[in-house]
Amino acid sequence: MARKKIIEGRMTADAEGGVTVFLIGMRINSFWRPRSWWPTFLAMPRMLRELSQERERGMLGYRLLFGGPRLVYVVQYWRSHEELLAYASAQDGLHRPAWAAFNRRLREGRGRVGFWHETYVVPAGAHEQFYLNMPAFGLGAATGVIPIGRRGERAAERLAV
């Protein structure tokens, strides 16, 4: 795995305006029944690849995370909740068929896989970021970073709420 370049100094995300943060994940409740969870596990990377290649759909970036052996989730950053909802219902994207297949397996699976998502619509001025001697990370990886002084030295200055 390639090491990401450390960006020295104090930085913040170069994110103008609002942002939508979408958390989505699955919990493997029964390791011994991979038919219940393996297709779901494989569907997400395909959708993330589609969204990364088709930037006009509105996803700015994402971070794949593992919460122990049972929990896999993704933090996604979107330009708007409208674009997130449009992708979820788009006839020409990978999400709709994956969602239909997941629901069929869910009915057959008897609780062998859990699924969850949370959506946060964050208006302009209601988010701030701080990165110190870090590679591009989080919203900063999705939008790029700028020196923190351009937005205010303190978190209270960067939050305009």
The chain: relative contact order in percent, alpha carbon pairs under 8 Å with at least 6 residues between: 43
³J(HN,Hα) computed for each position of segment 119-134 - Karplus, 6.51 cos²θ - 1.76 cosθ + 1.60, integer Hz, glycine/proline x: 10, 10, 9, 10, x, 3, x, 9, 9, 8, 9, 9, 10, 10, 6, 10
Cα centre as origin, Lys/Arg/Asp/Glu Cβ charges: segment 61-138 dipole, Debye: 560
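Around R105, under 10 Å between beta carbons, what's the net of Lys plus Arg minus Asp minus Glu among the other residues? Before the final figure, lay out the partial values.
Details: positive: R35, R104, R107, R112; negative: E108.
Here the count lands on +3.
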Under Karplus coefficients 6.51, -1.76 and 1.60, residue-wise ³J(HN,Hα) of segment 39-51 in Hz, glycine/proline x: x, 5, 4, 7, 5, 4, x, 5, 5, 5, 5, 4, 5
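For n ≥ 4 DSSP H runs only, could you compute -39500 (n - 2.57) per run for the chain, divide by its residues and tell me the 222 nm figure to the nearest 500?
On the way: 5 runs with 54 residues, N = 161.
Computed ellipticity for the chain at 222 nm equals -10000 deg cm²/dmol.
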Given charges at Cβ of Lys, Arg, Asp, Glu: the chain dipole, positive-most of L51, Y87, L106: L106
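Test of understanding: what is the full-extension gain from R154 to T119, defined as 0.36 nm times their sequence separation minus their Cα-Cα distance? Walk me through the numbers on the way to the answer.
Values: separation 35, 0.36 × 35 = 12.60 nm, distance 2.69 nm.
Extending this stretch completely gives an extra 9.9 nm.
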Binned Cα-Cα distances of segment 39-130, short to long, each 10 Å bin given as a whole percent: 13, 44, 33, 9, 1
Cα centroid separation, segment 94-161 to segment 35-85 (Å): 10
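At a temperature of 25 °C and a viscosity of 0.890 mPa s, determine how fast the chain diffuses translationally according to Stokes-Einstein, using the Kirkwood radius over alpha-carbon pairs as Rh; express D in µm²/s, rounded to the nearest whole number.
141
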Accessible surface, per residue, of segment 13-58 when the full set of protein chains is kept, probe 1.4 Å, Å²: 56
Amide H within-cut-off set for G61, under 5 Å, with H built and near neighbours excluded: Y77
Over segment 1-41, equivalent-ellipsoid semi-axes from the Cα gyration tensor in Å: 36, 18, 8
Most to least accessible of W37, W78 (protein chains only, probe 1.4 Å): W37, W78
Karplus (6.51, -1.76, 1.60) ³J(HN,Hα), θ = phi - 60°, over segment 84-96, in Hz, Gly and Pro reported as x: 4, 5, 5, 5, 4, 9, 5, 6, 9, x, 7, 5, 4
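Around R154, under 14 Å between beta carbons, what's the net of Lys plus Arg minus Asp minus Glu among the other residues? Walk me through the intermediate numbers first.
Details: positive: R10, R150, R151, R158; negative: E128, E153, E157.
Its environment carries a net charge of +1.
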Relative compactness, segment 63-115, computed as alpha-carbon Rg over 2.2 N^0.38 Å: 1.36
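The values are calculated or read from the model by the stated rules, or taken from the named source; none is laboratory data. Bear in mind the structure is a predicted one, so any value in this text is a computation, not a measurement. Please note: Cβ atoms are built from the backbone with ideal geometry, for glycine as well, and neighbour counts cover all protein chains shown. Side chains are part of the model used for accessible areas, which takes the heavy atoms of the whole protein and leaves out ligands, DNA and RNA. Shrake-Rupley method; radii C 1.70, N 1.55, O 1.52, S 1.80 Å.
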